[in-house]
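The values are calculated or read from the model by the stated rules, or taken from the named source; none is laboratory data. Bear in mind the structure is a predicted one, so any value in this text is a computation, not a measurement. Note that each Cβ is placed from the backbone with ideal geometry, even for glycine, and that neighbours are counted across all protein chains shown. Surface areas here come from the heavy atoms of the whole protein model, side chains and all, with no ligands, DNA or RNA. Shrake-Rupley method; radii C 1.70, N 1.55, O 1.52, S 1.80 Å.
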Amino acid sequence: MTRPSSSRDGFVLIEVLVALSVVAVMAGMMAGVFGQLNSVARLREQVIVRAELEGALSHLASTLSAAKLASLPDSEEENVKMFDGRATQMRFAAVTRQGFYSLALRDIDIYIDDQAAAPRLVQSMAMRRQPDAAEATRSTIIILDSFDRIDFTYSEDGVSFMSSFSKAGILPKLVKIRISRSVAGKTVSATTIARVS
């Protein structure tokens, strides 16, 4: 026996088209949400990198503010250098914390280590002692693990900046530091001007 045919057997074409259009609208809304999530993730990564760069700048400014007028170990007697600054390296003496309670004068060398997979900004410190004893006290810290570019510029008068500083008997007044790093196709950079004591 066969059933009699009715007008409601299956879907009407308009019902199928309405269902497909609802699915298409929902898919379009979800694509917009996923695009926004990707933008938020990229922005979050850029904020994290900026915080890392600013932390490195804060450390460098703090170290530079502790610089003292003390001759560099390898300076000549007729040309006593207190500070040797280049575009990507600085050498000077500074008073730094040793342990919890005491401070000590140390020779500071801030430079770029190219031996790793990515360039790293490194600070090397040695106690101010006889040259052979100083090497035994040398310690190294990594200030910044990865960056694209770093520039140190120096000012003697507080107005004009130059790419190197190595004058006998004086320290620069200011050091301008700029660090940049690429993240998700955008360059993130941070800059500070550190006052040297």
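General remarks:
- Top-ranked residue of the range 74-91 - restricted to ones that are without any contact (Cβ under 8 Å) to a residue 60 or more places away in the chain and in a strand (DSSP E or B), ranked as least open to solvent (accessible area, probe 1.4 Å): Arg91
- Residue within the range 121-140 that is open to solvent by less than 50 Å² (accessible area, probe 1.4 Å), under 12 Å from the mean Cα position of the chain (by Cα) and either in contact (Cβ under 8 Å) with a residue 40 or more places away in the chain or under 26 Å from Glu78 (Cα atoms) (or both) present: yes
- Here Ala94 meets each of (1) at pLDDT 90 or above; (2) outside any helix (DSSP H, G or I); (3) out of contact with any helix residue (DSSP H, G or I) (no Cβ under 7 Å at 6 or more places or on another chain) with one exception, condition (3).
Residue-wise test of (1) in contact (Cβ under 8 Å) with a residue 60 or more places away in the chain; (2) more than 14 Å from Leu60 (Cβ to Cβ); (3) open to solvent by 20 Å² or more (accessible area, probe 1.4 Å).
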position: Ala93; (1), (2), (3): no, yes, no
position: Leu103; (1), (2), (3): no, yes, yes
position: Arg106; (1), (2), (3): no, yes, yes
position: Tyr111; (1), (2), (3): no, no, yes
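The rows are residues; the columns are (1) buried (at least 16 other Cβ atoms within 10 Å of the Cβ); (2) touching a residue at least 24 places away in the same chain (Cβ under 8 Å); (3) more than 19 Å from Ala66 (Cα to Cα).
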position: Thr153; (1), (2), (3): yes, yes, no
position: Glu156; (1), (2), (3): no, no, no
position: Ser163; (1), (2), (3): no, yes, yes
position: Pro172; (1), (2), (3): yes, yes, no
position: Ile177; (1), (2), (3): yes, yes, no
position: Ala184; (1), (2), (3): no, yes, yes
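Here is a yes/no grid of residues against (1) under 25 Å from Val47 (Cα atoms); (2) out of contact with any Leu (no Cβ under 9 Å at 6 or more places or on another chain); (3) at pLDDT below 95:
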residue	(1), (2), (3)
Leu144	yes, no, yes
Ile170	no, no, yes
Val183	yes, yes, yes
Lys186	yes, yes, yes
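- Restricting attention to the range 42-73 and to residues that are charged (D, E, K, R) and outside any strand (DSSP E or B), the residue that is surrounded by the most Cβ atoms within 10 Å (Cβ to Cβ) turns out to be Glu52.
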